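Rule-based calculations on the coordinates, nothing more; no lab input. A quick note: this is a predicted structure, and the numbers were derived from the prediction, not measured. Positions of Cβ are generated from backbone atoms using ideal geometry, with glycine treated the same way; all protein chains shown enter the neighbour counts.
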Amino acid sequence: MNKELIPNEWEVKTLGELAHYINGYAFKPEDWSKEGIKIIRIEQLNKPTGSYDYFNGIIPQKNAITNGDLIFSWSATLKVIIWQYGNAVLNQHLFKVIPFKDCDKLFLFYLLDFYMDELSGSSHGSTMKHIKRGDIDLFKVIIPIQKHQQQKIAKVLSTIDNQIEQTQALIEKYTAIKQGLMSDLFSRGIDINTGKLRPSYQQAPELYWESELGWIPNGWNAPLLDKFAKRNSGHTPAKTISEYWNGGVKWVSLADSNKLDKLYITATRFEVSQLGIQNSSAIELPKGTVILSRDAGIGKSAILAKRMAVSQHFMAWTCNKSSSNLFLYYWLQNMKPVFEQVAMGSTIPTIGLDFFKRLQIACPDNIEEQKNIGLKLKELDLLIFKFKNEKQKSQSQKQGLMQDLLTGKKLVDNLPDSILTSTSSSQEVAQL
């Protein structure tokens, strides 16, 4: 490490000079119990609210942990967390990290997290990777000499972490609200006169009639999906003919799965040419067409934001003047558990074409009611998308600040006040 690059009031330290690393307890199967103290394994660091085994014996106090303890997994999955899930005991693949008095615990948490990739580069083993204790003890870092400077850095990073956690909580909250609202809207609909949900069948059975799909509101029907919207197919032009590809026509394939379930799809990884379309079963679909993945990523859907073609792994429906593509998109979203259940195949589960030919959709005859249902769900989606974008920005900001603050490239005292006091708009929403 080049000492010339170390800021004033910073120093080179090894991780072994910053903390004790106390190994967990080597439990045997006969030690496990259905009650007692929770046993923490590596999988509990990824899912701390999941299921546990328990230990009902006596172990050294040094192996016990409680809320606020710093935990470091050195085997298989390398990870560091601050434990907040009650009294427990670690197994042998985890360290309880106890900082020395000149090292702030929260700062050390961020330091270990920042260098985790580099630490994993020195891991050993072919089956289960692990870091040797000696490698941890000798791993060099630079840190502020003054503990209060460490604490300032930790405060900046923890403030951003709090924003990320609050935003994630809002994402989960509004996603749950959306799921509940979809269930209501596609079974009860919206009263055109009041703009509100109709009373349920149990509350006002006279407002419903019994269709092949069950009780649906008066003024609704249950046609085949093919009657609601025109079904189209997709195809893949011959990949061996270069003239069929990169010709400016966006082509949705399984490579675009990460772009689905975000309402509109605007970009694709691959493009085909008009020549490719002319010499295959693919067709160029109009803007507004609703597509659905029937293979990998089963049930994922989107509305085409512009003219595109799709591969054979997708179903596509083009709505007419009496059907709303927004209504159809959210109806498909609500049907995703059904699609996942009916998919067949052990290698790549898929839904056959016959299923879609027989599929019925419960829908209002009134196009305005269809549109209103779609718009209510779109409003929630836009809020969720906004929170997801905020979370992504905060995560990027955190990564940049970790790179700067934990390597001494920027000093915490030189940060602008806007970073030190920043709050996300999601925090403001949370207070409404």
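Take every pair of alpha-carbon atoms less than 8 Å apart whose residues are at least six positions apart; their mean separation over the length of the range 223-361 yields a relative contact order of 31 percent. THR318 sits among other residues whose Cβ lies under 9 Å from its own Cβ, and their net charge, with Lys and Arg +1 and Asp and Glu -1, is +2. Would you mind telling me the antiparallel percentage of the DSSP bridges in the chain, rounded to 5? Bridges in the chain that DSSP calls antiparallel: roughly 85 percent. The range 197-232 to the range 316-360: how many Å between their Cα centroids? Centre-to-centre (Cα) distance: 17 Å. Only DSSP H runs of four or more residues enter the estimate; each adds -39500 (n - 2.57), and after division by the residues of the chain the mean residue ellipticity at 222 nm equals -10500 deg cm²/dmol. Filter the cross-link list LYS227/LYS262; LYS132/LYS398; LYS101/LYS155 down to pairs whose alpha-carbon distance in this structure exceeds 20 Å. Long pairs (Cα-Cα over 20 Å): LYS227/LYS262; LYS132/LYS398. Database remark: amide H of ILE40 closer than 5 angstrom to the amide H of VAL89, LEU90, ASN91 (H placed geometrically; neighbours at sequence offset of 5 or more, or on other chains; Pro and chain starts carry no H).
When volume of the Cα convex hull per residue in Å³ is computed from the coordinates, the matching label among (1) 142; (2) 229; (3) 172 is (2).
A Förster radius of 41 Å combined with the Cβ-Cβ distance from SER211 to ALA296 puts the calculated FRET efficiency at roughly 0.80. Taking amide hydrogens as placed 1.01 Å from N in the peptide plane, the amide H of SER211 sits under 5 Å from those of ILE216, each at least 5 positions away in sequence or on another chain. Taking each residue as 0.36 nm, the span from ASP117 to ALA76 lengthens on full extension beyond its C-alpha to C-alpha distance by 13.5 nm.
Using Cβ point charges alone (K and R +1, D and E -1), the dipole size of the range 3-145 about the Cα centre works out to roughly 340 debye. Tell me the label-point distance for the pair ASN366, ASP137, using the 7 Å Cα-to-Cβ offset, in nm and rounded to one decimal. My value for the distance between the label points is 7.7 nm.
Considering the options PRO7, TYR21, ILE40, tell which one lies farthest towards the positive end of the dipole of the range 1-43, charges being +1 on Lys and Arg and -1 on Asp and Glu at the Cβ, about the Cα centre. My answer, from the dipole projection, is ILE40.
Taking θ as phi - 60° and the Karplus parameters 6.51, -1.76 and 1.60, the scalar couplings of the range 379-391 work out to 4, 5, 4, 4, 5, 5, 4, 4, 5, 5, 5, 4, 4 Hz in sequence order, x denoting glycine and proline.
Excluding same-chain residues fewer than 8 positions from LYS13, which aspartates and glutamates have a Cα within less than 20 Å of its Cα? Straight-line reach from LYS13, under 20 Å: GLU4, ASP102, ASP104, ASP113, ASP117, GLU118, ASP135, ASP137, ASP404. Just need the relative contact order of the range 1-119 here, percent rounded to a whole number, with Cα pairs under 8 Å and 6+ apart. The value is 31 percent.
Summing charges over all other residues whose Cβ lies under 13 Å from the Cβ of ARG231, with Lys and Arg as +1 and Asp and Glu as -1, gives +3. With a simple spin-label model that places each label point 7 Å from the Cα along the Cα-to-Cβ direction, the separation between VAL338 and LYS101 comes to 6.8 nm. Each label was represented as a point 7 Å from its Cα along the Cα-to-Cβ direction; for LYS147 and LYS28 these points are 4.2 nm apart. Summarising the amide proton neighbourhood of TRP10: residues at separation of 5 or more, or on other chains, whose placed amide H is nearer than 5 Å comprise ILE145. A full extension of the chain between LYS173 and GLU271 corresponds to an added length of 31.6 nm, given 0.36 nm per residue minus the alpha carbon distance. Do any of LYS28/LYS96; LYS196/LYS391; LYS321/LYS376; LYS230/LYS336; LYS196/LYS388; LYS47/LYS79 go past 23 Å between their Cα atoms, and which? Cα-Cα > 23 Å for LYS196/LYS391; LYS196/LYS388; rest within. Per-residue 3J(HN,Hα) values for the range 101-116, derived from phi via the Karplus relation 6.51 cos²θ - 1.76 cosθ + 1.60 with θ = phi - 60°, read 5, 8, 10, 6, 5, 5, 4, 5, 4, 5, 5, 4, 4, 5, 8, 4 Hz in sequence order (x marks Gly and Pro). Between PHE355 and GLN61, full extension at 0.36 nm per residue minus the direct alpha carbon distance yields a gain of 99.8 nm.
Along the Cα-to-Cβ line of TYR54, 7 Å from the Cα, sits a label point; which residues in the range 62-76 have backbone N less than 17 Å from it? In the range 62-76, the label zone of TYR54 (backbone N under 17 Å from the point 7 Å along Cα→Cβ) covers 65. A Förster radius of 25 Å, combined with the Cβ-Cβ distance separating LYS378 from ASN193, puts the computed FRET efficiency at roughly 0.70. Across the chain, the mean sequence separation of Cα contacts (distance under 8 Å, 6 or more residues apart), normalised by length, yields a relative contact order of 15 percent.
Loop-located trypsin sites (Lys or Arg not before Pro) in the range 29-79 (DSSP state not H, G, I, E or B) with no more than 12 neighbouring Cβ atoms inside 10 Å: LYS34.
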